[in-house]
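For reference, the structure discussed in these notes is given below.
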Amino acid sequence: MTPTAGTGALTIKQTTQLSKKLSYLLRHGAVKDGFNIDSAGFILVDEILAHQHYESHTIEQVKFVVDNNDKKRFELSLVDPEDESKGYKIRAV
């Protein structure tokens, strides 16, 4: 299954690459790359997508990777559960 056209559909290879990039970032590279990590280990997805290594990706692609990761490596949550417009945060699990 891939994201629908218009959301930046990913090939299987691209899905794997984004999953590996997110896994490395969330497990090892966040501090080195200067990301803000909250006390629960979450990073704002908007902050990630603004970074030069991720700016070609979309929130839909991140959601797809999280939802379809067979090892359930990621947790994606709304920053404010009552206001989706405030965006998402992600962490490794």
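FYI, it's all coordinate maths here, none of it is from the lab. Since we're looking at a predicted model, the values are computed, not measured. Positions of Cβ are generated from backbone atoms using ideal geometry, with glycine treated the same way; all protein chains shown enter the neighbour counts.
A few notes on this one:
- Average Cα contact separation per residue, the chain, under 8 Å, 6 or more apart, as relative contact order %: 30
- Counting other Cβ atoms within 10 Å as a rough exposure proxy, the listed residues 19, 77 run 77, 19 from fewest neighbours to most.
- In summary, the lysines within cross-link reach of residue 20, defined as a Cα separation below 21 angstrom excluding same-chain residues under 8 places away, comprise 32, 63, 71, 72, 89.
- Using just its DSSP H runs of length 4 or more, each adding -39500 (n - 2.57), the chain gives a mean residue ellipticity at 222 nm of -9000 deg cm²/dmol after division by all residues.
- Residues in region 14-41 reached by a label modelled at residue 75 [backbone nitrogen below 19 Å; 7 Å Cα→Cβ]: 22-31, 36-41
- Cα pair distances in the chain, grouped into 5 Å bins until the bin that holds the longest one, percent each: 2, 14, 26, 27, 20, 9, 2, 0
- GNM result for the chain, Cα springs below 10 Å: residue of 61, 14, 52 fluctuating most strongly: 52
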